[in-house]
1. Quick one, what does Rg over Rh come out to for the protein assembly as shown if you take C-alpha atoms and the Kirkwood Rh?
2. Count neighbours as other Cβ atoms within 10 Å of each site's Cβ, and list the trypsin sites (Lys or Arg not before Pro) in the stretch A:184-230 that are DSSP loop with at most 16 such neighbours.
3. Using the 2.2 N^0.38 Å rule of thumb for compact globular proteins, work out how the stretch B:1-67 stacks up: its C-alpha Rg over that value, please.
4. Could you tell me what a quarter of the Cα convex hull surface of chain B works out to, in nm² with one decimal place?
5. Kirkwood Rh, the stretch B:104-254, all Cα pairs: how many Å?
6. Order these by the 10 Å Cβ neighbour count, fewest first: A:255, A:294.
7. Among B:111, B:75, B:218, which one moves the most in a GNM of chain B with springs linking Cα atoms closer than 10 Å?
8. Cross-link candidates for residue B:153: which aspartates and glutamates have Cα within less than 15 Å, leaving aside residues fewer than 8 places away along the same chain?
Amino acid sequence: MNRTISGALLAVLAAALVLLPFWANSGLVFLAGTTMVVAVFALSWNLLFGYAGLASFGSGGLFSIGAYTMAVTLRGGYEGQFLLLIALSTAIGGAVAFAIGVVALRRSTGIFLAILTLALAELLRITLAKIHWLGAEDGIPSIVRPKASIGVATVDLAQGNHYYWFLCVACALLVALCWWIAHGRFGRTLRTIRLDTERAAFMGVDTHRYRLVAFTISGAIAACAGSLFAPWAQIVTPDIGNMMRSTQPILFTLLGGASSFWGPMIGAFLFSAIEFSTRTLVGIQEIITGGILLGVVLLFPTGVAGAWNALVARLADPYRAEAKAKATTLRPVKE
Amino acid sequence: MIRLHSVDKSYGALKVLHGIEAEILEGETFAIIGPNGAGKTTLFKVMTGEVGCEAGTVEFLGKDVTKEPAYRRTRAGMGRTFQMARIFKEMTAEENIVVAIEARAKNMGQRDTPWYQVRPSRATVDEAGEILARLSLERKARIAAAQLSHGDKKRLELGITLAGRPKVLMLDEPTAGMSPSERVGVTELIRSISGKGSGLTVIMTEHDMGVIFGLADRIMVMNQGRKIAEGSIDDIRADPVVRDVYLGKEAHHA
């Protein structure tokens with residue numbers, strides 16, 4: 001029941017997103033496309049936090065690596081191989097995350113990892129701002145939206161809303177990939193590591209290796225999101241991976257619910273909706289956004305996803321839901 | 001099975017193990033007893049690889065594993081439970097067993113789930129059901145582990161450990177914090193698991209003399225980080241040094 005209602009809602013929202021260019025103005029379409037990308041980015045972060053129990057505060061750096069890789073290769077005239085460029089950006093993001101993970105995860109997992117990743121992302125941002133070949137502070141402007149060819153079919157993504165629909169497909173595939181990783185054996189094992197690392201080790205799990213793999217996958221997906229974003233925004237600057245970017249997934253996850261797979265996505269879209277509806281309230285927009293975030297965190301510790309699941313369960317079966325709510329206050333959200 | 005050779009262990013300036021020598025034989029139930037702070041749990045940790053030792057060696061199945069991390073010793077066939085049951089509280093009882101079976105299956109190279117399949121395989125779920133039934137937890141399979149009673153949590157942890165199909169089962173105070181009737185139940189359970197036909201070696205620490213005398217083939221007595229006696233139940237009961245240090249008070253209760 002719960003699953004059916006949530007699934008139906010997801011389908012409706014997905015359909016609304018796909019059909020958006022037919023009724024919304026270009027500003028709203030741009031916002032929707034951006035939100036899809038950052039939602040995937042937030043999912044990649046929560047793969048690390050919600051499943052492996054690792055908090056990275058430098059995910060913006062990997063997003064930036066993906067975006068810059070795409071921008072540079074497109075500028076270099078490789079737009080004919082767009083899908084390959086996405087794969088390349090993803091691979092570079094994964095490789096960088098792997099290298100950081102090898103060094104960082106051996107010793108630090110908690111607050112040290114958070115600070116270390118934050119520092120590395122800032123270092124990257126400052127370095128990018130000093131490299132003239134990458135446009136220094138101004139970044140790389142006028143990025144072209146290329147043609148994408150799969151086999152015989154070629155789509156010109158520069159035309160109209162083609163790139164938007166391309167984003168819809170790409171993000172849907174990435175979400176499906178994250179879902180598959182999170183719900184399969186690998187995701188289950190990651191959860192055991194988050195819940196009790198030592199117990200997991202005493203099941204024979206090489207916890208360090210699992211965390212490293214999760215760190216690499218998360219980094220690769222973050223870079224992939226970045227690479228999709230560059231032709232969408234058509235400009236990359238060092239600030240594409242600033243601290244605001246790194247905190248985005250954290251805020252989305254808090255708002256949406258860390259214990260639910262869909263939490264970060266829900267958070268991303270809610271956040272965009274709040275920002276969009278308060279865009280004219282210059283000066284108090286941040287206060288409203290912050291206030292809502294604070295309210296949600298205080299009222300619904302399991303995030304919007306948790307509150308939603310509780311609501312649906314109650315509507316579906318009031319008696320059982322009540323007994324369940326009493327018995328399972330600390331239970332994870334069922335996805 | 002496991003052989004300890006002159007194991008020394010200190011926490012900072014405090015020396016907690018002094019040259020421990022011990023050999024645990026295949027198929028036996030070996031109990032480590034001693035007053036609080038005698039070093040029983042530390043000895044356990046040295047055997048399982050949670051902590052290293054400054055001097056001495058730990059041999060498992062004839063191989064020196066002194067430098068091996070815990071997960072490798074687990075893969076080689078050690079399974080342990082903790083004094084305070086360590087389970088995955090957010091998961092259901094069934095999921096707790098499923099993840100343990102999956103970890104073992106992967107380590108042993110048994111893979112029956114197709115790579116694209118998200119759910120655990122039929123065989124895994126069935127095996128989890130069998131293990132839960134053995135622990136009389138089958139009716140609580142869908143309950144979040146956090147909601148289980150203290151005794152059930154300890155049973156579930158035993159189930160996680162058994163799912164790894166260990167060669168040696170290491171139980172750190174299996175009846176700690178249990179009611180007398182729960183103790184009898186767990187004693188029966190351990191006996192049924194480690195019965196003569198099973199070939200399973202059991203190493204346990206325990207405070208309850210009733211449990212020890214009901215299960216152990218051999219007993220090692222520790223005091224202040226040293227081994228002070230080792231032998232059968234009768235040997236230990238008769239040992240005057242042990243009587244002085246430990247059993248003197250406890251023997252009346254037993």
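What follows draws every value from the coordinates through simple rules; no lab data is involved. Everything numeric in this text was worked out from a predicted model, so none of it was measured. A quick note on method: Cβ atoms are made from the backbone with ideal geometry, for glycine too, and the neighbour counts reach across all protein chains shown.
1. Here Rg/Rh amounts to 1.06.
2. none
3. Ratio of Cα Rg to 2.2 N^0.38 Å: 1.06.
4. 14.3
5. Here the Kirkwood hydrodynamic radius works out to 17.8 Å.
6. If I rank by nearby Cβ atoms, fewest first, I get A:294, A:255.
7. Between B:111, B:75, B:218, it is B:111 that shows the largest mean-square fluctuation.
8. Here the aspartates and glutamates satisfying the reach criterion relative to residue B:153 are A:196, B:90, B:94, B:95, B:138, B:172, B:173, B:182.
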